[in-house]
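For reference, the structure discussed in these notes is given below.
The values are calculated or read from the model by the stated rules, or taken from the named source; none is laboratory data. Here the structure is a predicted model, which is why all the values come from computation and not from measurement. Reconstructed Cβ throughout: ideal geometry from the backbone, glycine too, with neighbour counts over all protein chains shown. What goes into the accessible areas is simple: the full protein's heavy atoms, side chains included, and nothing from ligands, DNA or RNA. Shrake-Rupley method; radii C 1.70, N 1.55, O 1.52, S 1.80 Å.
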Amino acid sequence: MARGQPGAVREGKRRAAADEEVAAQAVRRVAALLELNYAEARFGSVDGIYRSGAGRDILREPVLLFPDEEKGRSPVAG
């Protein structure tokens, strides 16, 4: 069937959906190996997630430091 025909479009969409499912399964496996809670995962652009979490624009930050969860503080050189 020629490219661009309805059957080819359906097949392309089917393959894309299958690829997306394989990728999602791989992410879930890696999250489990790292003992991360997949249910708490957030998906989207880094800048959008940062803005919603920190309330600031990541592209305007002069330096990015994230808290050390085990020590309860930011990893700032003393």
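General remarks:
- Sorting the segments 46-55, 59-68 by their residues' average number of neighbouring beta-carbon atoms within 10 angstrom, most packed first, yields 46-55, 59-68.
- Rolling a 1.4 angstrom probe over the protein heavy atoms with all chains in place gives the chain an accessible area of 90 Å² per residue.
- Gyration tensor (alpha-carbon) shape descriptor, region 30-71, a/c threshold 1.5: oblate
- Within the chain: Cβ-based charge dipole about Cα centre, in debye rounded to nearest 20 (Lys, Arg +1; Asp, Glu -1): 400
- Pairwise centroid distance, computed over Cα atoms, of region 13-33 with region 37-62, Å: 22
- Per-residue HN-Hα couplings for region 61-70 [Karplus 6.51, -1.76, 1.60; θ = phi - 60°; Hz; x = Gly/Pro]: 6, x, 8, 10, 10, 10, x, 8, 4, 6
- From helices alone, the chain scores -16000 deg cm²/dmol at 222 nm; the rule is -39500 (n - 2.57) for each run of n ≥ 4 DSSP H residues, then divide by the residue total.
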